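Below: the structure, in structure tokens.
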Amino acid sequence: MRGIDIARSLNISTSALRHYESWGLVPRIERSASGYRIYTREHEAYFQCIRALIPGFGMELVRRIMPLVQQGKRLDALWLLNRAQVHLHAEKETVQRTVEMLGLQALHEPSLRRGKSAYTIGEAAEEAKVSASAIRHWEKEGLIRPERRPDNGYRIYRPSDIRKLLVIRTVQRVVYSLDVVREVLSELDNHDVAQAKEMAMQSLHYLDGALVEQMRGIACLQTLLDSAREEEGQQE
């Protein structure tokens, strides 16, 4: 098979194929006497699998998965994908929680797991499912302004602050512009939740799409694994 034909079928460049090869994502590719790469159906299946996995799982994880597949560590590869799916599910739950908190009653009495009136930065990070460093960055950008304890200067996060953290992380999944985030938060302060709700729903739709892409990638990987298992059975 020619590399150009594989690349065209996947709508990528031949240089992308060479990158995947150099990263060790496909089995060893032999060379002809004249130095041309000799691609097989197996290589084509690996390239197809790589392209199918990228939309739902990202290249970083794919670069961990495909070498495991070649090494015969199929369960290790599948568990890594499962972990990514667990993360996606947790992300959807958090965004769904944000949508629910944007209800009129939740604006005044947001429901939090700990049910406290004041939170440390670590507790706030856990509630909003973000890192403490992300919270500090958003504070530096003026997106959130927590109170400070008068005795030691430590930050105090109120339930309304945590609601803002949830909104920020949800909006930033849809848009990267901090100016848009500021606009949404300003409207939220004035009890106008329309734009925040719209972006939260867009985020949910994005996550639904990511789930579909993940399932497509897993289906392609399972086909590759089944083919490899059949070949192994024929060789025994």
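The values are calculated or read from the model by the stated rules, or taken from the named source; none is laboratory data. Predicted model, so just to flag it, every value in this text is computed and none were measured. Cβ coordinates were reconstructed from backbone atoms using ideal geometry, including for glycine residues, and neighbour counts include every protein chain displayed.
Structure data summary
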item	result
Hits in the range 170-204 (condition: more than 20 Å from the chain's Cα centre (by Cα) and either charged (D, E, K, R) or under 17 Å from Gln96 (Cα atoms) (or both))	Asp179, Arg182, Glu183, Glu187, Asp189, Asp192, Val193, Ala194, Gln195, Ala196, Lys197, Glu198
Flag for Ala200 being in contact (Cβ under 8 Å) with a residue 40 or more places away in the chain, in contact with an Asp or Glu (Cβ under 8 Å, 6 or more places away or on another chain) and of a type in the set (Gly, Ala, Ser)	no
Residue check, Asp179 at pLDDT below 80, more than 19 Å from Ala128 (Cβ to Cβ) and either loosely packed, with under 15 Cβ neighbours inside 10 Å or in the same structural domain as Arg136 (by TED's automatic domain parsing) (or both)	no
Members of the range 24-39 found to be part of a loop (DSSP other than H, G, I, E, B) and under 15 Å from Ala7 (Cβ atoms), listed by number	Leu25, Val26, Ile29, Tyr36, Tyr39
Output for the range 1-17, where each listed residue is surrounded by 16 or more Cβ atoms within 10 Å (Cβ to Cβ), of a type outside the set (Val, Ile, Thr) and over 25 Å from the mean Cα position of the chain (by Cα)	Gly3, Ala7
Any hit, the range 18-25, residues being surrounded by 12 or more Cβ atoms within 10 Å (Cβ to Cβ) and of a type in the set (Asp, Glu)	yes
